[in-house]
1. Taking every DSSP beta bridge with both residues inside the protein assembly as shown, roughly what % is antiparallel (nearest 5)?
2. Among the listed pairs A:K8/A:K55; A:K89/A:K186; B:K34/B:K56; B:K53/B:K162; A:K82/A:K166; A:K159/B:K34, give every one whose C-alpha distance is greater than 29 Å.
3. Which value results for Rg/Rh of the protein assembly as shown when Rg is the Cα radius of gyration and Rh the Kirkwood radius based on the inverse mean 1/r?
4. At 4 °C and a viscosity of 1.567 mPa s, what translational diffusion coefficient does Stokes-Einstein give for the stretch B:204-285, taking Rh as the Kirkwood radius over Cα pairs? Give it in µm²/s as a whole number.
5. Longest exposed-loop-site-free stretch of chain B, with trypsin sites (Lys or Arg not before Pro), DSSP loop and at most 14 other Cβ within 10 Å?
6. Name the shape class, rounded, prolate or oblate, that the alpha-carbon gyration tensor gives for the stretch B:141-283, where a ≥ b ≥ c are the square roots of its eigenvalues, rounded holds for a/c under 1.5, and otherwise prolate holds if a/b is larger than b/c and oblate otherwise.
7. With +1 assigned to the C-beta of every Lys and Arg and -1 to the C-beta of every Asp and Glu, and no other charges, what is the dipole magnitude of the stretch B:104-160 about the Cα centre in debye, to the nearest 20?
8. By its C-alpha gyration tensor, with a ≥ b ≥ c as the square roots of the eigenvalues, how is the stretch A:1-69 shaped: rounded for a/c under 1.5, else prolate for a/b larger than b/c, else oblate?
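Rule-based calculations on the coordinates, nothing more; no lab input. Note that the structure is a prediction, hence the values are computed from the model and not measured. Every residue, glycine among them, receives a Cβ derived from its backbone with ideal geometry; neighbour counts consider all protein chains shown.
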Amino acid sequence: MENLEAIKEAVNKGKRKEIAGLVQTALDNGTEPKVIINNYMIEAMKEVGARFEAKKIFVPEMMMAALTMQTGLDVIKPLLEKSGKNVEKLGIVVMGTVFGDLHDIGKNLAILMLESAGFEVHNIGENVPAATFVEKATELNADIVGLSSLLTTGDPHVKETVAAIKNSPLGDKVKVMCGGAAVTEKFAVGECGADGHAVDAIAGVKLAQKFVGVG
Amino acid sequence: MQTKISSDKKEVIIGHDQPVVAIGERINPTGRSKLANALEQGDFAYVQNEALKQVKAGCQVLGINVGVSGADEAALMVDTLHAVREVTDTPLCLDSANPKVLQAGLEVYKGKALVNSVNGEDAKLKEVLPMVAHYKTAVVALTMDDKGIPTDVPTRLAIADKIFNEAAKLGIPTEDIIIDPLAMSVAADDQSGLGALDSLAQIRDRFGVNQTIGASNISFGLPARRAINCVFLAMAIVNGLTCPITDPTVWEIRQTLLLTDLFHGKDSFAMNYISAYRDNFPQDE
């Protein structure tokens, strides 16, 4: 128990050097990987998200926490693969920056936080045409598609991409969320018909959780 | 190397031997909902006030970006240029990611404008450089290309080199290209400040050109952003930044720019600094 609380604490505080040893000890003690991930790591990331929202911590601290969790997951993954067991994912998310836009920092940060919350995330890159969003979402059987747009000239592409997804056979099976400096709630949801808009990575996680009916 | 930008009435010289030229960033609706509303409703008095505020705070060039979603950006650009020209003869920097908007603006602009921007993407080079050559403007060139936004210095240098070469083919002189080596948030990548600073220095040393940078990205995601922006600005100016895109209506920013001039021996008897101080704190007289 003490050791498991230490895992939570390590993720919470971004102690990257300690996490691998702590996770290994927990596994050696017979703790289920699923328990380590869901009850301690993801729990820790929930607290991190809440503190970020309350402006108690800042982007680098949030990133360190997420990277610490990933370092811990790297210890668990080979074990899961060997046993053939998979930890249940909250859902599958496809994330990309819209056509004509090469910005990646915000999108990648959002991906890191979604993964840390337990989503399976596929990064389809930047400058992504509408048709590719549809293609990838179909191929990967996505629950959610996330669009990032940092340029106001990206507006028509946001609109086009949302429409392409909604008019495809995917239809309303896939939820679409938008983020990035160029998009507002009014534009994304009101004008383009997206299912939601997020102002930052943590808001994105919350929105995704809402879409899949958790949190 | 000097870059000259002008309106029909006024010329501004940007150069390493000149005081820093601030390009005012406030006429840009991204992240400014009041301005976005004003532009949507054709409230040009609001835009004119923004222009005057920035000129009063020492901006020698004003950026004009009217990218509001759903609006006819080209028409809005033309109307905004006229409205701003009514209240100031400060030279302008026409800023749009859409070449058609730049074209519409340049068609009515009197003087030698600064165009923001071209970059190393093949399509951009093809669309924007001929316009720069035709209207004989200066242009901001971002060191990014079809592969994305580089974080390392050599890729930035290579992209800058490519842009100079493409421009030369159209007869655009190197001094009319102002490089923006792109500073990204240090919160997301703690090496990005160093990368931008090294790029500024190496681009200055190798090409001798003027450089701009949008200095407020750097602080995104960190607390007390104003101080971060000021420190970065000062360091960037030491490394070759000559015309930042920034907001001198924030006193600390204006102070930083003036103090870098003073420390570089470009402010005789510190008179520019002192008069800016008096202008900003009239009650202390």
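1. Here the share of antiparallel DSSP bridges comes out near 15 percent.
2. With Cα atoms farther than 29 Å apart: A:K89/A:K186; B:K53/B:K162; A:K82/A:K166.
3. Computed over Cα atoms, the ratio is 1.01.
4. So the translational diffusion coefficient is about 95 µm²/s.
5. Within chain B, the longest run free of exposed trypsin sites (Lys or Arg not before Pro) spans B:148-265.
6. oblate
7. In debye, rounded to 20, the stretch B:104-160 gives about 300.
8. Judged from the Cα gyration tensor, the stretch A:1-69 comes out prolate (a/c at least 1.5, a/b above b/c).
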